[in-house]
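All remarks here apply to the structure that follows.
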Amino acid sequence: MTTVESLVDMRDITLTFGGVVKALRGVSFDLRPGEVHALLGQNGAGKSTLIKVLSGVNQRDGGSVLVHGEETNFRSAQDSQAAGIAMVYQDLSLVPSMSVADNLFLGREPHDRLSLVRGRRLHAAAQKYLDEQGFPIKAAAAVASLPFAYRQLTEIAKALMGDIRILVLDEPTSALSAGEEDILFDAVKEVTRRGVGVVYVTHRLREVFRISDRVTVLRDGLNAGTFDTPEITMETLISAIVGPGHAKMAQATLSLEEGERRQGFSDPEHQSLTAAPVIELRDVTNDRLRGVDLKVRPGEILGLAGMVGSGRTEVLETMFGLRRAAEGQVIYQGAEVKWKSSAAAIKAGVALVPEDRHLQGLVLGDSIAANTALPQLRGLTRFGFFAKGEAGKRATSALKELNVKAPGISTRLQNLSGGNQQKVVFGKWLVPEPKLLLLDEPTVGVDVGARDEIYGIIRRFAQRGCAVVVVSSDLVELQMLCDTLAIINDGQVTTTAHTSEVQGEEALQHLVQESAR
């Protein structure tokens, strides 16, 4: 009897899209029992394509895939599931209108002798499981009501419930705060103790050193190296990702990963501290906020930190007119405003890059030109006809200014990498330039190279006098990018400070955790 050394052994995998674009060019990857194997690379490197070959979604052109020592040829996602493979993609597969419990048991509902699903029994079993795993989620809650991070945790919990041998996690911490990351990492460690192998796809390089045993890097559809995590440095890892001849980019990315703050682009020393705020919340209370006081001046980048569900996103929604102030005042450009809709806020010069770009920021089946025109449809309509030419000019300008890698403005968003999709979300707000830019998790699912470019985009907005408010679960990102920080907990601002007053990620994490106690 032959001993199976690897749970998965993918050898010389090739895959071509449309007979022209080679997405994978002889890629090899293996996964051992009980290990976490990180899969890294820039957007478009082939990571998602490779895991979709393993899941049966993409059909390879060449090479072989061995699962549990036997060669396989999965023709569908159901085939891979039957082999004990659980996939958790960035694009969640939950049913928003259903409860957490219903989603966890979807397709495997407990029945009684009359084949009826008992709601109480199902909810009780789901809550018991969530509590045992340490997931801070209510089984009875509707998925649509959950913050994006809790939806991610629900998807992961659903995958872990099955009888699995192989778990694939695609950007699992993209919107999780430090506390939620710890919950996820504990869950991953628990399943690996049972012999489950975990493929861990991420753009957050720091967590690779916390969670993984080995790392494989893909670049341009090729293997760029496989390393034992304890034996590799951050510098070597980044060089493998960006490739030779990109020393400047590698150094810039290393600075990002090490949290080096870049002064001068919107630093208070380079702007008037006496300038009137672009927006000010004065003792604002609504269904989620309680007595919030905040102000943001022209050229200032304000970061909002806090646990998931703390009220960070609700601050942005209140500024954008998606939530009304029941008490207090919203002062915008010196005058009190009571926007009845986000359309009124957009007309006044307020822009929002939402947390979930796929559901809230883009129409994936539409073109770049159509997406960049979305906020200004009325302004691009002449005598009842859409000004297609003007929309095309704006889209072309956005592609150039934001360095969007795409064949042209007619390219559909679903064919772009995550980083380029996110640039298009920013491109929607270039004309006319906003006076207030609201960003909710602006670099979710974006690789290290594209992230640096997005930071540059944000800084350019600030340099031109735009006030910027950033919500991010990445504390290093907030410290590096922002001038001022506000800690939010339970709908209240508990602390505000200039970034220079908070020394290091641990100090900021301490403030966030202390505010939640």
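What the table below lists for this structure:
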quantity	calculated
Residues being acidic (Asp, Glu) and closer than 14 Å to residue 14 by Cα - total across the range 49-80	1
Matching residues, the range 221-242, being outside any helix (DSSP H, G or I), surrounded by 15 or more Cβ atoms within 10 Å (Cβ to Cβ) and not polar (S, T, N, Q)	221, 222, 224, 225, 227, 232
Qualifying residue in the range 406-427 (condition: within 21 Å of residue 298 (Cβ to Cβ), within 20 Å of the chain's Cα centre (by Cα) and not acidic (Asp, Glu))	yes
Residue in the range 259-269 that is part of a helix (DSSP H, G or I), over 25 Å from residue 178 (Cα atoms), at pLDDT below 95 and not β-branched (Val, Ile, Thr) present	yes
Checking residue 515 against (1) surrounded by fewer than 23 Cβ atoms within 10 Å (Cβ to Cβ); (2) under 21 Å from the mean Cα position of the chain (by Cα), the condition it does not meet	(2)
Enumerated helices (runs of 4 or more DSSP H) restricted to the range 292-402, each holding at least 1 residues that are over 24 Å from the mean Cα position of the chain (by Cα) and without any contact (Cβ under 8 Å) to a residue 40 or more places away in the chain	342-347, 388-402
Residue list for the range 19-64, restricted to those being in contact (Cβ under 8 Å) with a residue 12 or more places away in the chain, under 28 Å from residue 451 (Cα atoms) and basic (Lys, Arg)	22, 25, 47
Residues located in the range 180-222, provided they are touching a Ser or Thr at 6+ places or on another chain (Cβ under 6 Å) and among the polar types (S, T, N, Q)	212, 216
Close pairs from the range 421-442: first in contact (Cβ under 8 Å) with a residue 24 or more places away in the chain and under 13 Å from residue 346 (Cβ atoms), partner among the basic types (Lys, Arg) and part of a helix (DSSP H, G or I), Cβ under 6 Å, at least 6 apart	431/394
Residue that is surrounded by the fewest Cβ atoms within 10 Å (Cβ to Cβ), among those in the range 162-196 that are assigned to a helix (DSSP H, G or I) and touching a strand residue (DSSP E or B) at 6+ places or on another chain (Cβ under 9 Å)	189
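For every residue, the table says whether it meets (1) of a type in the set (Gly, Ala, Ser); (2) touching a Gly at 6+ places or on another chain (Cβ under 7 Å); (3) in a loop (DSSP other than H, G, I, E, B); (4) crowded, with 21+ Cβ neighbours inside 10 Å.
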| site | (1), (2), (3), (4) |
| --- | --- |
| 12 | no, yes, no, no |
| 44 | yes, no, yes, yes |
| 50 | no, no, no, yes |
| 80 | yes, yes, no, yes |
| 91 | no, no, yes, no |
| 95 | no, no, yes, no |
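The values are calculated or read from the model by the stated rules, or taken from the named source; none is laboratory data. None of the values given here were measured: they were computed from a predicted structure. No Cβ is skipped: glycine too gets one built from the backbone with ideal geometry, and neighbour counts run over all protein chains shown.
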